[in-house]
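The values are calculated or read from the model by the stated rules, or taken from the named source; none is laboratory data. Source: prediction; values computed, not measured. Neighbour counts run over all protein chains shown; Cβ positions are idealised from the backbone, glycine included. When the accessible area is computed, the model is the full protein with side chains, heavy atoms only, and any ligands, DNA or RNA have been set aside. Shrake-Rupley method; radii C 1.70, N 1.55, O 1.52, S 1.80 Å.
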Amino acid sequence: MKILGIDHIAIAVSDLDKAIENFKRILGVDPIKIEEVPEEKVRIAIFKIGDVQIELLQGTSEDSTVRKFIEKRGEGLHHIALRVENIGKALEELKAKGFQLIYEEPRIVAGERKISFVHPKSIHGVLLELVERIEH
Ligand code: CMX
């Protein structure tokens, strides 16, 4: 599989608006986007630092994985995302190597990216997202 770089680093927060204000103070820039991702039950704020994005994630429902994460572990680093050229190939390859995939088939999010995840139990306690950016 061809890895193009780190796409983003995601941080789980319990109050997105407060976290946006804090990150604006740290990074000195406004988020480039604030969006709701119903497929993943999250609201996201995206900051861009060079080629890498920092995503702040707030769960939008009781059963959201991000809310469950915060209840269990508190706010903090939630996942790292690698940008890949072809997510289908990447998932096939990782599955063949024995990694536990969360979505066997990639999900299309906001019409602009295909995503899936490798379970943190498979890789030293870090949730790894794979992202293929869809060119329009
Ligand atoms: N990073 C590291 N460990 C994590 C984790 C994370 N983000 N989320 C859960 N875990 C740990 C739990 O603490 C737990 O560990 P222990 O067994 O040691 O207590 C273990 O993983 C639990 O695993 P599980 O029972 O299989 O499942 P959970 O219900 O806790 O869900 C996971 C974990 C990864 C399967 C779920 O969060 C998931 O499906 N994630 C992918 C989707 C997602 O995260 N969407 C939100 C972001 C979307 C976006 O960025 O667009």
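From largest to smallest, what semi-axes in whole angstrom does segment 62-136 give when each is the square root of 5 times an eigenvalue of its alpha carbon gyration tensor?
In descending order the semi-axes read 22, 16, 10 Å.
Segment residue 34..residue 9, full-extension length gain: 7.5 nm, with 0.36 nm per residue of separation and the alpha-carbon distance subtracted.
A straight chain from residue 92 to residue 108 at 0.36 nm per residue would run longer than the Cα-Cα distance by 4.0 nm. Sparsely packed loop sites in segment 1-93 (the GluC sites (Glu not before Pro) outside DSSP H, G, I, E and B with at most 12 other Cβ atoms within 10 Å) comprise 62, 85. Under a Gaussian network description of the chain, with springs only between Cα atoms under 10 Å, the residue in 32, 44, 70 that fluctuates furthest is 32.
Note on residue 123 and residue 25: the model spin-label points, each 7 Å out from Cα along the C-beta direction, lie 3.3 nm apart. Run a plain Debye calculation on segment 11-67 (Cα atoms as equal point scatterers, no solvent) and give log10 I(q)/I(0) at q = 0.15, 0.20, 0.21, 0.27 Å⁻¹, rounded to two decimals, same order as the q list. Evaluating at q = 0.15, 0.20, 0.21, 0.27 Å⁻¹ gives log10 I(q)/I(0) of -0.39, -0.67, -0.73, -1.07.
The residues of segment 3-79 have, on average, 58 Å² of accessible surface per residue, using a 1.4 Å probe with all protein chains present. From the alpha carbon centroid of segment 1-76 to that of segment 101-135 is 15 Å. With no solvent and one equal point scatterer per Cα, compute the Debye intensity ratio I(q)/I(0) for the chain at 0.10, 0.11, 0.18, 0.20 Å⁻¹ and report its log10, rounded to two decimals. Values returned for q = 0.10, 0.11, 0.18, 0.20 Å⁻¹ are -0.32, -0.39, -1.06, -1.29.
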